[in-house]
Amino acid sequence: MRKVALLGASGNIGSQSLDLFAADRASFTLTAISVGHHVEKIEGILQSFPTITSVCVQEEADAKSLQKAHENLKVTWGDEGLVELLETGDFDMAENALVGFSGLVPSITALRLGKILCLANKESLVVGGEIIERMLAQGSGKLYPIDSEHVAIAKCLSKVKRDDVERLVITASGGAFRKLSRGELKNVTPEMALQHPTWKMGAKITIDSATMMNKGFEVIEAHYLFDWPVDKIEVLLHDESEVHSLLLMKDGSYYADVGKPDMHGPIAYALYEGKAPFEVRHEKGIHDFGDYHFKAFDPVRYPAVPMALKALRNGGIETTVLNAANEEAVHLFLEGKISFLDIEHACSLALANFPNIMRPTLRDILTTDSLTRLYVRRKFGGQ
């Protein structure tokens, strides 16, 4: 039985993970959770999982109120509280379903403690990929991805010889604006951007889907997860989101994970450490997988992807700058303070403004993240 700490229990991935924990109490015991600002969800989770002994919230006032109501719980708060929850909690598996840069230090902490890390937090690898890669190589913990694209790749790679693979193919829906030209993006609104055509996700990642920055980030993740050359990873547009990434083999055939756009399967793959039964399909051609629509990726239409890949190729601190600029710009867009196309513009300017730092330490990453956010807020948000 695995004792689990679930970071981000109130989000979409966290909620679906709670479903799995409730359905299989013989395999999992939930001992710790974080819910950020969503304190209204705590009582229901505690009632469903009386095994929980540690809780982290975002605000100190909420932590004090919760501690007063539940003297038997260890209650922490803020980013430091996430680390304290991990360092003092009783668990052997951590699921990181946090959104954004705040997930980085908890990921590193879980691995440093030698825990199993089930990772849905893209930013951990986008900004800390070099650090996490070194930690895993040195035997610090284990990592299983939760993103549907990377779970698909992991499943397929387990069925083939690595030397027989020509390239990894990461599929992309194209987001809410996939039918619009660049010119038509000038006046789109946050409400329009949040209408994802196939997935139900949180606001930040839905905007990242519309810009396709999330797909650039997923290529970065795949590079670190599978130790795969970035030039051997490509993006393919796929309307239905049912082919969850593919392997192009050297003989021209494809392996793929095919199923409905639902996260329960990828979550289960990670939590059961790749041991849950699964099947992958092997077809001679990409159109043999079904009556699906595929289209070549256009880097001119979606400049966020080549921007992310350039940052990865340059190495060092650039992916940290890109991620921080993107997060701040997405927030400003959702607040109605900048236009949709300004998100890419903010990222481009930030990358040009900060000198690169090779082999950055965690301190370098944390400092650069803060400085980049300040730069974007002052440049675009009037702060």
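Observations on the model:
- Residue within the range 255-268 that is under 22 Å from ALA304 (Cβ atoms), open to solvent by less than 30 Å² (accessible area, probe 1.4 Å) and of a type in the set (A, V, I, L, M) present: no
- Test result for VAL75, open to solvent by less than 10 Å² (accessible area, probe 1.4 Å) and modelled with pLDDT of 95 or more: no
- Long-range neighbours under 7 Å by Cβ, at least six apart or interchain, first residue closer than 11 Å to ALA350 by Cα and open to solvent by less than 10 Å² (accessible area, probe 1.4 Å) within the range 320-331, second assigned to a helix (DSSP H, G or I) and of a type in the set (Asp, Glu): THR320/ASP369; ASN323/GLU123; ALA324/ASP369; ALA329/ASP342
- Criterion applied to LYS310, LYS284, LYS295 was being in contact with a Leu (Cβ under 7 Å, 6 or more places away or on another chain) and either acidic (Asp, Glu) or more than 18 Å from ASP147 (Cα to Cα) (or both), and the one residue passing it is LYS295.
- Some residue of the range 128-151 being in contact with an Asp or Glu (Cβ under 7 Å, 6 or more places away or on another chain) and surrounded by fewer than 23 Cβ atoms within 10 Å (Cβ to Cβ): yes
- Evaluation of PRO50 against the conditions (1) surrounded by fewer than 22 Cβ atoms within 10 Å (Cβ to Cβ); (2) touching a strand residue (DSSP E or B) at 6+ places or on another chain (Cβ under 8 Å); (3) over 22 Å from LYS115 (Cβ atoms) shows that the sole unmet condition is (2).
- Answer from GLY315, GLY274, GLY290, GLY336 - the residue that is open to solvent by less than 20 Å² (accessible area, probe 1.4 Å), of a type outside the set (S, T, N, Q) and either on the phi > 0 side of the Ramachandran plot or more than 18 Å from the chain's Cα centre (by Cα) (or both): GLY315
- Within the range 104-121, the residues that satisfy the criterion of being open to solvent by 10 Å² or more (accessible area, probe 1.4 Å) and hydrophobic (A, V, I, L, M, F, W, C) are VAL105, ILE108, LEU113, ILE116, ALA120.
- Looking only at the range 1-26, and only at residues there that are open to solvent by less than 50 Å² (accessible area, probe 1.4 Å) and either among the basic types (Lys, Arg) or part of a loop (DSSP other than H, G, I, E, B) (or both), the one that is nearest to PRO261 (Cα to Cα): GLY11
- The listed residue being modelled with pLDDT under 95 and either over 22 Å from MET213 (Cα atoms) or part of a helix (DSSP H, G or I) (or both), out of ASP291, ASP364, ASP369: ASP291
- If you go through the range 159-213 and keep only what is surrounded by fewer than 16 Cβ atoms within 10 Å (Cβ to Cβ), among the hydrophobic types (A, V, I, L, M, F, W, C) and modelled with pLDDT of 95 or more, you end up with just VAL160.
Every residue, every condition in (1) within 17 Å of TYR144 (Cα to Cα); (2) charged (D, E, K, R); (3) in contact (Cβ under 8 Å) with a residue 60 or more places away in the chain, yes or no:
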residue	(1), (2), (3)
ALA210	no, no, yes
LEU225	yes, no, yes
ASP231	no, yes, no
LEU237	no, no, yes
TYR255	no, no, yes
PRO266	yes, no, yes
LEU271	yes, no, yes
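The values are calculated or read from the model by the stated rules, or taken from the named source; none is laboratory data. None of these values were measured; they are calculated from a predicted model. Cβ sites come from the backbone with ideal geometry, for glycine too, and all protein chains shown count toward neighbours. When the accessible area is computed, the model is the full protein with side chains, heavy atoms only, and any ligands, DNA or RNA have been set aside. Shrake-Rupley method; radii C 1.70, N 1.55, O 1.52, S 1.80 Å.
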